[in-house]
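Input: a single structure, listed below in structure tokens.
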Amino acid sequence: MQHGRAYAFIKLPKQFTGFLMKQQMGRLDHITGQMNAWLLALAIGLGMLDLTVLVAKCLPPLPATPVAADASDHSSAPPAAAAPAAPRG
């Protein structure tokens with residue numbers, strides 16, 4: 001026996017079913033109103049992405065970055081600071 005759908009098989013008066021239909025249509029209208037806001041935000045975001053790609057394709061390519069120095073070559077690194085002397089006590 002299914003407990004969640006038992007009300008679907010009960011015969012309801014015609015006036016009550018009309019009220020339920022209006023209530024369901026009101027809920028559906030509310031949901032579609034919220035979906036329209038989400039769809040508008042999604043459309044604006046996709047439009048901005050398209051515009052960004054278009055601008056990126058129209059600009060000349062950036063110059064190549066120089067290769068980083070080898071990790072074993074520390075000749076360009078600044079000298080390490082001397083550790084402070086421990087106090088004599």
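The values are calculated or read from the model by the stated rules, or taken from the named source; none is laboratory data. All values reported here derive from a predicted model rather than from experimental measurement. Reconstructed Cβ throughout: ideal geometry from the backbone, glycine too, with neighbour counts over all protein chains shown.
Return yes when residue 86 is modelled with pLDDT of 65 or more, part of a loop (DSSP other than H, G, I, E, B) and out of contact with any strand residue (DSSP E or B) (no Cβ under 9 Å at 6 or more places or on another chain) and no when it is not. Give the steps one after another, and end with the answer.
Numbers: modelled with pLDDT of 65 or more: yes; part of a loop (DSSP other than H, G, I, E, B): yes; out of contact with any strand residue (DSSP E or B) (no Cβ under 9 Å at 6 or more places or on another chain): yes.
Considered against the rule, which asks whether it is modelled with pLDDT of 65 or more, part of a loop (DSSP other than H, G, I, E, B) and out of contact with any strand residue (DSSP E or B) (no Cβ under 9 Å at 6 or more places or on another chain), residue 86 comes out as yes.
Output the residues belonging to the range 44-83 that are surrounded by 10 or more Cβ atoms within 10 Å (Cβ to Cβ), part of a loop (DSSP other than H, G, I, E, B) and modelled with pLDDT of 85 or more.
The answer is none; no residue qualifies.
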